[in-house]
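There's a structure below that I have some questions on.
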Amino acid sequence: MDYPADISNDRAGRVLTIVWQDGARQQWPHALLRAHCKCTHCQSQRLLGRTPGEPPAPPRVEHLRMTGNYGLQLVFNDGHERGIYPWPYLRSLPADVPADA
Ligand SMILES: [Zn+2]
């Protein structure tokens, strides 16, 4: 299982970057992370086959909370703040490879 070696959240640029222990680097726009929100509300909407509603404003990750070795809790600016993103889930999300990688 991969764990992050470095996590950085660019709130102004709305990008979250993780460098994994194997050296791989992934970068996700906050909007993509919000579209894959792991909070109970969004998960239940997906289980019902519904697309969770669009956020009212461009999504931004305001805070990160480490949840032990399990994953990362992302606190969005629109009140979606209870979603925990397990490390393998983050790793599986499509990511932009930054130009300077
Ligand atoms: Zn949500």
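The values are calculated or read from the model by the stated rules, or taken from the named source; none is laboratory data. This structure is a prediction, so every number in the text was calculated from the model and none was measured. All Cβ positions, even for glycine, are placed from backbone atoms using ideal geometry, and neighbour counts span all protein chains on display. Surface areas here come from the heavy atoms of the whole protein model, side chains and all, with no ligands, DNA or RNA. Shrake-Rupley method; radii C 1.70, N 1.55, O 1.52, S 1.80 Å.
Keeping all protein chains in position, work out how much accessible area residue 15 exposes to a 1.4 Å probe, and write it in Å² to the nearest 10.
Its accessible surface works out to 40 Å², give or take rounding.
Additional query: Have a look at 56, 88, 29 and tell me which one the Gaussian network model of the chain (Cα, springs below 10 Å) gives the largest fluctuation.
56
For q values of 0.12, 0.14 Å⁻¹, compute log₁₀ I(q)/I(0) with the Debye formula on a Cα-only model of the chain, without solvent.
After summing over all Cα pairs, the log10 values are -0.37, -0.51.
Would you mind telling me the share, in percent, of accessible area of the chain contributed by carbon and sulfur at probe 1.4 angstrom?
On the way: 2930 of 5810 Å².
Percent of accessible area from carbon and sulfur atoms in the chain: 50.
Now for a separate question. Per the helix-only calculation at 222 nm, which mean residue ellipticity applies to the chain, given -39500 (n - 2.57) for every DSSP H run of n ≥ 4 and division by its residues, nearest 500 deg cm²/dmol? Write down the numbers at each step before the final one.
Working: 3 runs with 20 residues, N = 101.
Theoretical 222 nm ellipticity from helices: -5000 deg cm²/dmol.
Now for a different question. Mind giving me the nanometre distance, one decimal, between the label points for residue 67 and residue 84, set 7 Å out from Cα along Cα→Cβ?
0.4 nm
May I ask you to give the solvent-accessible area per residue for the chain, in square angstrom, as obtained with a 1.4 angstrom probe?
Details: 5810 Å² over 101 residues.
Each residue of the chain exposes 58 Å² on average to a 1.4 Å probe.
Same structure, new question: Run the numbers for residue 20 and residue 75: contour at 0.36 nm per residue of separation, minus the present Cα-Cα distance, in nm.
Numbers: separation 55, 0.36 × 55 = 19.80 nm, distance 2.12 nm.
Gain on extension, residue 20 to residue 75, equals 17.7 nm.
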